[in-house]
Every structure is written in structure tokens, then in C-alpha cells.
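Everything on this sheet refers to the single structure shown next.
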Amino acid sequence: MRSTNYAYLLIFAILASACSSDLHKMVRKGNKKFEKGEYQFAISDYEEGLADGADTAIASFQIAESYRLSNRIREAIPFYEAALRSGRADEATKFHLANGYKTVGEYDKAKSLYQDYIDEGEDRGRKAAAKAFLESIDKVKEIKSKKTYYELSNLDIVNTPDAEYGTVFYNQEMIFTTDRNSENIFPATGEGFTGIYKFKFDDASEKSGVAVPLAEQFNTSKRHEASATFSKDGKTMVFARGNDGRKKGDQDVNLYISKNKKGEWSEPELLQISDPNAWDASPAFSPDGKTLYFASNREGGRGGIDLYMSKMDRRGNFRRVRNMGKALNTPGDEMFPYVSDDKKLYFASNGHPGMGGLDVFEAVRDGRSIEVTNMGVPLNSSYDDFGLIFINEKEGYITSNREGGKGDDDIYKFINNSPDFKVATYYVAGEIIDGATGDPLPNAKVKLMDSRGQVVYEGTANENGEFRNEVKTGVNYTVVAEKEDYLTANAVFSTVGKTVPQEDLPDFENDVDIKYTLGLIKKEVNKVIVLENIYYDYNSSDIRDDAADELDKLVTLLKDNPDMRIELSSHTDARGDGKYNQKLSQKRAESAVEYMTNNGIDETRMIPKGYGESRLIVENAESEEEHQKNRRTEFKILGFDVEQEVQPIQQEEEGGSEDE
């Protein structure tokens, strides 16, 4: 997993004598680069020192450490061995060499060194890790003998001699990480900096297509960007951004967030939950988009890199971070989490019993306990295997640097060919109803579009307002419904997170209906509709991000119904000064109208109106929930003739005493 070396950019001052004057000059020179994390440049100096007669034990150990800290443990092994042969028989050398042997599948050598460390070592953390790794080696035969039906194939249309890894799909395009075409060299490894690319397949055969980098804000020239993940609605992107490999500037890897507003991605900002003093990376959204999983080596973990999670609050922010516990996290490293539609957690680990290097594991909750299972061969090998995702119940992608690839990390496609695999065909079972009465609306026109805007279904609902069409899992669709005397509706229908687990499917072939109901608003002048989830900060009229998401729905409604005119009103609760509440509500209504004007709605179609506390839904409100009902935003339909000048209703305009 050389390309994910940014995960290990942890700078250690290993040798107390690093600057001692009795060291060979090239070793001293290498140590200075080593301390700055410039491991590849340090290796060159150490090797030159070896050729010029430097102390073999010291120089070899430093070369080994440089390889290890840039995640090239295979290359480190011969130098740890050389250090041992030259008399450097300290704990660190034996422990890291044992890890190297385990990684490459030389289990007998690894077991011997782990046992030596358990018997003689002093570092409690390493002793615990040695015991865990020793136990995992004893289970290798069991893992190898496990019967699986997965078939792997190299995705050679995407892969190059450089690194490709970390796949996810957005708008039916593959998003992945690669260090191809990098113009700058990362000092830790001598390789290019990674960036985030997208690949659009020309057709379902996946035999052709083109890869292009994402926008410039996601691909800087001298930092790693990697492992993008997207929220369920496709409006939020989180990714990892690393340092530049030098001591100055950001010390490690952090999580960044970007929002998509009207098709444009915002400039990425540091995510609040990211720890600037730690490595935070490989983020992944849950299927519903409300939880973010990621890996971190922050303080308080269980050893190495652990899995963490953070839930989104109602404002769309991530706050509290929680370690995912000892059932998942080990003294080793856990990373690249992914939650499938059927709510199973997949991740990579070198701490759980595995083949060597990183293996992929499945975690399933059973009541209060969590069962972790190695995915077996061929998904796992003695190399690094990580970044597993599913694109449907049967197929998915995984990354590996195993032998036989095109170069570095490669992306592989896998298929589950188990004869016991159950097949499910999914359908949207839709119903169009009157949003006020709940009555079905027969013969409504319905259009279904996929995430790229392509129409996949166009038809008419039956006499019961029903329609049905086959859909794919893991896709956000758009439903457009029209009916005479009703407002045209444009809403999201998502199949993300709707996959039925294999164990819950009754037959080998199954038709699964995903029910969906869309209510239409009747065209009635003076009809009032409450906008849900329009929140403002206390004493503020600024449009928050979560309020903007809701106002976007009204923008869409007005665009779908271009002849409609509205009054947009804002209401406060009864707390505070009445005159002040009136002014604040007017400012809020004006801010909402301004937002929609900036998003393409003609201002002549809207009137902002603040009512303060004059129109309470709950009189004498006591609880916060009751106050929230009063603190609402609404719109009223004024008419359906955009050429007629919008006029507010006179008694409302003249009724100043009510508002004051």
C-alpha cells in the first residue's frame, strides 16, 4: 500500500545519538532529513554512507525505519536483518522485523521473534501487540481453508503502473485516488503526490472510459488528497488532505469538507472533528449520510490507527467523536471503513487475524456483540488488501498491491459467484397523493431520472395513483410528478441503504418493492404551506446551511411552477420584545427571498413578510418543541399569473398594531 504512505507520516526522533559527531557524515546528513520526514532522501544518504564505510548496524536500522515509516515494510526487512546481524539486537529491531515477516507471510520467523519479544521485551504496548499478532498467525491456516466464491479481476482500464486505490461512486462515476501525473515528488517516498480522480465508464462492460482529475480545489500540487466520500444526497464531500512531507506546515493528515451548492463545490474547509495533531483519514459516510466513519491515530486510541465515528447534528455538523471500541480496534492498525447498504461494516486491519499486511474484514452486530470475520481468499492475500466497497449485493471493488498487478496499488473488481447467492430485483412502488387529504391522484404524470439526469421511466399513474419501475440500489433518483390543478413536484427518491440483507431474502430470486409516496399541493390561492427545518441562529437573520437546503426545495418548486407567485413569511415565538421580534422576522423573510433571488427566482414573484409573534400556532407555549412550532417559515400562494404585479393583501399590510 505504498500510495497510502501519507497514513504513516509520523515523525520520530528514534536515535538519541542522531546528531552525534562520531557518526559518519552521510548518516548525520540522513538523520536530518529523517527527522523532517523526508524518508526517501534520507535513504539515499544512508545508502551512500554504507558504501563509504558507515556503521552497518546504525545505517541499516535507519534505512529500515525510513522504509517502515513510509509504509514500505517489505523493503525494510533486509535492512532490519542486516542491523541484527551487525549487533543491533534491541527491542525495536526485533519487533518491527517480526511485523515485516508477518506481513510477507514468513510466519515461522515472525512467531519466533514475537515470542522472544513477549519473553524479553519491556514495552507493554508492543508486548500486547506481539501477543495479538502471535495469536493471529495461528489462525492463518483456518483463514486459508475458508471456502469463498469471490472472483477477482484487475480493473486494467483504470489501473496504471502508478497507484490507484480508494474507490467510491458519485453520480455513477468512479471516484478514486492516484499519484499518476504528479509533477512533484513526495520527500517521504520519492513518489508523486496523490490526487482525486473520476472515471466515467463508457458502458456497462467497463472496457473503456476516461479518467480526469477533480477540480483544482481537491488537487493541490504539493499535498496528498485522497479517499473521497459523499453524503447520501450528494451535496457533501469529505476527503483527506496530507502535509507536504516537510516539518513546516501541517504536521499530518486532516479531514476536509466541501459542500455542493447549485452544482458548484465550495472551497474545502478543515472538518471540525479533525485533530490537527493526529493522522485522520479514509473517511466514509454511512448509507443514510448521517454518520461519518474514519481512521485516526489520535490520543486515547487502542494502539496504532483506530476506527472512529461521528454523528451529524440537525445543522449538518459533526461534533462528538467516538472510538468504535475494542471489538473492532486492535493494537495494530484499522482503516478504510465502509458501511454497505445492508448496514454491515467492512474495514482493513493488520491487527485482526489475517494473511499478512492489511486484510479486509466484515463486522456484523448481533445484539450487543460484534462479530468480526476475515473475508478470506482471494479477497485477502499476504499483501495489503483494503478499500472494499459494494456496488450491489453481488459485486464490488477492492484495492490490493498483490503480485500480478499493473504496478503499485491496483483496483480490482470482485463478484460473488456463490451458488447459494440470492438475487433481488428492486422496484420503486410509488404512489402520488393529495398532500393535504392523502387521497390518491389517478392518472398523474410521472417521470423518474437517475443521478445524471437521464430519464429512466416516464409514464402515468394508475387509477390508484400508483406507478412501478425497476431501479438500481445505491442511487439517488429524482421523481417529477404533474397533475392538473396541482403544483408540479420535484423530489428525491433514494435507494441508498435500501438493500435487503441476504439472510432476509426468502427465495433465490426475489422482487423487492421500495415504497415511495409523493404528495402534491393543490393550486389554491391564499393556501399556506409550512417549510420544515428552516432554522436560524439566535438573534440572526443569516441563512444557515441547513436552512439553505430547505429553501432550495422551494426554489425548485418555483422553477417547476413558473407562473406561481408567493408571499414568504417568517414567524417568531413569543419570547423577547414584540417590536424586536417583528423586525427580526421581517429581516429573516427578506433574507430568504434574497437567497432565492440569488438562485434564479425572479424577485417580482415573491414578497417577504415578517409577522413576528402575531400569529402563534401554540398560545402560551412552554416547551422548546412548542416554541419551535411558532418559530416557523411559511409561504402563501398569491396567484398563478407572473405578469400581474404582486401586491400584498391590504389588511395584512395595514394591520400594524397586530404586529407591534
Tally up the residues in segment 203-244 that are modelled with pLDDT under 85 and within 19 Å of Arg298 (Cα to Cα), please. 1
Residue hits (segment 406-420; in a loop (DSSP other than H, G, I, E, B), open to solvent by 30 Å² or more (accessible area, probe 1.4 Å) and in contact with a strand residue (DSSP E or B) (Cβ under 6 Å, 6 or more places away or on another chain)) are Asn417
Hits in segment 505-537 (condition: modelled with pLDDT of 90 or more, open to solvent by 70 Å² or more (accessible area, probe 1.4 Å) and not β-branched (Val, Ile, Thr)): Pro506, Asp507, Phe508, Glu509, Asp511, Asp513, Lys515, Lys522, Lys523, Glu524, Asn526
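What number of residues in segment 421-437 are touching a residue at least 24 places away in the same chain (Cβ under 8 Å) and either open to solvent by 30 Å² or more (accessible area, probe 1.4 Å) or over 30 Å from Glu509 (Cα atoms) (or both)?
Counting residues in segment 421-437 that are touching a residue at least 24 places away in the same chain (Cβ under 8 Å) and either open to solvent by 30 Å² or more (accessible area, probe 1.4 Å) or over 30 Å from Glu509 (Cα atoms) (or both) gives 9.
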Determine which member of the set Asn374, Asn469 is open to solvent by 30 Å² or more (accessible area, probe 1.4 Å) and either more than 26 Å from Tyr338 (Cβ to Cβ) or touching a helix residue (DSSP H, G or I) at 6+ places or on another chain (Cβ under 6 Å) (or both). Asn469
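Checking the condition basic (Lys, Arg) and touching a strand residue (DSSP E or B) at 6+ places or on another chain (Cβ under 6 Å), which residue from Arg298, Arg322, Arg302 passes?
Criteria check complete, one pass: Arg322.
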Suppose we filter segment 598-614 for residues that are among the charged types (D, E, K, R), buried (at least 17 other Cβ atoms within 10 Å of the Cβ) and out of contact with any Leu (no Cβ under 8 Å at 6 or more places or on another chain); how many remain? 1
Strands (runs of 3 or more DSSP E) wholly in segment 440-493 with at least 2 residues that are of a type in the set (Ser, Thr, Tyr) - which ones? 455-460, 476-482
Using the structure shown, decide if Phe336 is more than 17 Å from Glu362 (Cβ to Cβ), crowded, with 20+ Cβ neighbours inside 10 Å and out of contact with any helix residue (DSSP H, G or I) (no Cβ under 8 Å at 6 or more places or on another chain). no
How many residues, within segment 134-165, are within 18 Å of Gly105 (Cβ to Cβ), loosely packed, with under 14 Cβ neighbours inside 10 Å and small (Gly, Ala, Ser)? 1
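Tell me which residues, restricted to segment 295-304, are touching an Asp or Glu at 6+ places or on another chain (Cβ under 6 Å) and either of a type in the set (Gly, Ala, Ser) or surrounded by 20 or more Cβ atoms within 10 Å (Cβ to Cβ) (or both).
Residues satisfying the conditions are Ser296, Gly304.
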Go through segment 538-597 and give me each residue that's in a loop (DSSP other than H, G, I, E, B), open to solvent by 10 Å² or more (accessible area, probe 1.4 Å) and at pLDDT below 90. Tyr538, Asn539, Ser540, Ser541, Asp542, Ile543, Arg544, Asp573, Ala574, Arg575, Gly576, Asp577
State whether one or more residues within segment 124-133 are free of Cβ contacts under 8 Å to residues at least 12 places away in the same chain, surrounded by 15 or more Cβ atoms within 10 Å (Cβ to Cβ) and assigned to a helix (DSSP H, G or I). yes
Can you name the residue in segment 287-315 that is under 25 Å from Gly497 (Cα atoms), of a type in the set (Lys, Arg) and assigned to a loop (DSSP other than H, G, I, E, B) and, of all such residues, is nearest to the chain's Cα centre (by Cα)? Lys290
Within segment 352-368, can you find the residues that are over 14 Å from Glu334 (Cβ atoms) and modelled with pLDDT of 90 or more? Val364
Please verify whether segment 369-384 includes one or more residues that are out of contact with any strand residue (DSSP E or B) (no Cβ under 8 Å at 6 or more places or on another chain), farther than 20 Å from Ile143 by Cβ, without any contact (Cβ under 8 Å) to a residue 24 or more places away in the chain and not aromatic (Phe, Trp, Tyr). no
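The values are calculated or read from the model by the stated rules, or taken from the named source; none is laboratory data. Keep in mind that what you see is a predicted model, and the values were worked out from it rather than measured. So basically every Cβ, Gly included, is an ideal-geometry build from the backbone, and we count neighbours across all protein chains shown. Keep in mind that these areas ignore ligands, DNA and RNA; they rest on the heavy atoms of the full protein, side chains included. Shrake-Rupley method; radii C 1.70, N 1.55, O 1.52, S 1.80 Å.
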